[in-house]
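Only one structure is covered here, and it is reproduced in the block below.
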Amino acid sequence: MQRKSLFFAAAALLSLLAMACATTVPPDMTVRDLAREYQADRVKPKVDNFLVVLDSSASMEDSDGTHVKFDTAKAVVYRMNNTLPPMDMTAGLRTLGHDLSVARQPTVLAWGMTAYERAALTEAMNKQTMPGGNTLMLQALQAAAEDIKPLSGKTALIIISDGIGIDPRPVAVIDGLKQELGDRLCVYTVLVGNNPSGAALMQRLAGAAACGFATTADELAGPDRMADFVKRVFVADYVPPPPPAPAPAPAADPDSDGDGVPDRLDRCPGTPKGARVNAQGCWVLADLNFDTNKAEIKPNMMSVLNEAVTVLQQNPTLRIEVQGHTDSVGAAAYNQQLSERRADAVKNHFVQNGIAASRVTAKGYGEEKPIADNATAQGRAQNRRVQLQPIQ
């Protein structure tokens, strides 16, 4: 009977342990790497040194309901380390408690005090594999005080613990260290778990320094919250890089004839002042729409033609060739004749309006010189044109 009772008790215990293990999950390790946002030479650090005191005692082996507390505590250090922007600081990691497989001393300076390097702190954290032993926070903070005292400049002391099994004496250590270092010391505590007495003790440790604050691992969950913590603890200021210099003004694009089309695109250089040109820089009588197969000047063409007469009058030494062009619809021979008739009609209008015949020649080009694609209606319309070309 006794054996049966022991069997059921053991089975119940194993069941409880299995349930406990089943309810824990690894902490979220995502971070917002400020090294990608901040240029190293533009970050002004708030502190010159920092020391992390990590509780590795047996109570940290318990679950906080979701995670193993020791995993949560380590995640805080890993995430803080992977969030920090590059800064010149002296840094260290001190642990307390430990399983005997990790260390036999009650507290160990696991890394530092030395120049901060992200990879070096990561390597030191990788060696913190198993919690165990008593929560000897008094001895750890006494040793931490000796780590910090020789340092120059300001120091951030970051204590990560569940606060369990810690008597009030460590508060006196912080008091004494504050009296010695003054405003060169700030203390930040991170509570792991939700033990009320542990939370109260961590609040007292942070308050004893009169610089710093108490927070919890839950409050630092998520990339943005951890980034905010890092900025508050480590970054005094950040000077953004100056905006890039404006692009140099493009070199002047010459337009020798002043028609608004640069020389590199101008297919008709030497356009007289006042002449209206197309996108190719050619003096084209726009909207000069002859009836199909006709070459007679119509009243609605007068404004365009008279504008050209005015330009010729303003440039009395200018000689021009009136060029008739067609699209590719119809026979080429017919288009050639039609373009000649239309060019002659425009020349005659100029002569009738006071322009000397010696200044104007007329020539038809038919469909030989398109300026647009004859495969489209828009292109064909551009090709049916009368163009005025100055003669040098």
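Only four residue types carry charge here, +1 at the Cβ of Lys and Arg and -1 at the Cβ of Asp and Glu. Report the dipole size of the stretch 26-238 about the Cα centre in Debye, rounded to the nearest 20.
On the way: 21 positive and 26 negative charges, 77 e Å.
So the magnitude is around 360 debye.
Under the 0.36 nm per residue contour assumption, what length would be gained going from the current alpha-carbon distance of N315 and R36 to full extension?
Working it through step by step, the gained length comes to 93.9 nm.
Pull up all non-local amide H partners of G132: gap of 5 or more, or a different chain, and H-to-H distance under 5 Å with H placed in the peptide plane.
Answer set, sorted by chain and number: S57, A58, H98, D99.
For the chain, with a Gaussian network of springs between Cα atoms less than 10 Å apart, report the residue from P106, P242, P370 with the top mean-square fluctuation.
The residue with the greatest mean-square fluctuation here is P370.
Run through the DSSP bridge list for the chain and note the antiparallel percent, rounded to the nearest 5.
In the chain, DSSP labels about 40 percent of beta bridges as antiparallel.
Describe numerically, in nm with one decimal, the distance between label points set 7 Å from Cα along Cα→Cβ at N126 and at M29.
A separation of 1.1 nm, rounded to one decimal place.
Name the residue, out of P299, P223, P170, whose mean-square fluctuation peaks in a Gaussian network model built on the chain with Cα pairs under 10 Å.
In the Gaussian network model the winner is P299.
At a 10 angstrom cut-off on C-beta neighbours, averaged per residue, how do the peptides 214-221, 312-319, 80-87 rank from highest to lowest?
Most protected by this proxy first, the peptides run 80-87, 214-221, 312-319.
Take peptides 182-189, 326-333, 373-380, 272-279 and line them up by average Cβ neighbours within 10 Å, highest first, as a rough protection proxy.
The most tightly packed comes first, giving 182-189, 272-279, 326-333, 373-380.
Rounded to the nearest 0.05, what FRET efficiency do Q203 and D224 have when you use their Cβ-Cβ distance and R0 = 25 Å?
Computed FRET efficiency for Q203 and D224: 0.55.
Quick one: which residues, 5+ away or cross-chain, put their amide H under 5 Å from the amide H of K154? H built at 1.01 Å from N.
D48, N49
Helix 169-181 versus the longest principal axis of the chain: what angle, 0 to 90°, nearest 10, using Cα atoms?
60
Calculate the length of the line joining the C-alpha centroid of the stretch 185-201 to that of the stretch 121-168, in whole Å.
When both Cα centres are located, 13 Å separates them.
For R232, R359, what's the fewest-to-most ordering of other Cβ within 10 Å of each Cβ?
R232, R359
At R0 = 25 Å, how high is the FRET efficiency between Q105 and F213 if r is their beta carbon distance? Nearest 0.05 is fine.
Once the sixth-power term is evaluated, E becomes 0.25.
Kindly rank 154-167, 59-72 from highest to lowest mean number of other beta carbons found within 10 Å of each residue.
The densest-packed peptide leads the list: 154-167, 59-72.
Using 0.36 nm per residue, how much length does the chain from D291 to A381 gain when fully extended, once their Cα-Cα distance is taken away?
Extra length available between D291 and A381 comes to 31.1 nm.
Given springs between every Cα pair under 10 Å in a Gaussian network model of the chain, which of D259, D147, D88 has the largest fluctuation?
Among D259, D147, D88, the largest mean-square fluctuation in the Gaussian network model of the chain belongs to D259.
With the Cα gyration tensor of the stretch 26-238 giving a ≥ b ≥ c as the square roots of its eigenvalues, does the rule (a/c under 1.5 for rounded; else a/b larger than b/c for prolate; else oblate) give rounded, prolate or oblate?
Working: a/c = 1.44, a/b = 1.17, b/c = 1.23.
It is rounded, given that a/c, with a ≥ b ≥ c, falls under 1.5.
Using only Cα atoms, tell me the angle between helix 69-83 and the longest principal axis of the chain; keep it within 0 to 90° and round to the nearest 10.
Approximately 40 degrees, to the nearest ten.
Mind sorting M130, M29, M113 by how few other Cβ atoms lie within 10 Å of their own Cβ, fewest first?
M29, M130, M113
Taking only Cα atoms, what is the 0 to 90° angle, nearest 10, from helix 137-148's long axis to the longest principal axis of the chain?
Roughly 50 degrees, rounded to the nearest 10.
Once you put a point 7 Å from the Cα of A115 and another 7 Å from the Cα of A331, both along the Cβ direction, what distance in nm separates them?
It is 9.2 nm.
Taking every DSSP beta bridge that has both residues in the stretch 26-238, what percent is antiparallel when rounded to the nearest 5?
Around 30 percent antiparallel, to the nearest 5.
For N194 and K231, calculate 0.36 nm times their separation in residues minus their Cα-Cα distance, and state this gained length in nm to one decimal.
10.8 nm
Can you pull the one-decimal nm distance between simple spin-label points at R169 and A356, each 7 Å off the Cα toward Cβ?
12.0
Taken together, the values in this text are just the output of simple stated rules run on the coordinates, not laboratory data. Quantities reported herein were computed from a predicted structural model and do not represent experimental measurements. A quick note on method: Cβ atoms are made from the backbone with ideal geometry, for glycine too, and the neighbour counts reach across all protein chains shown.
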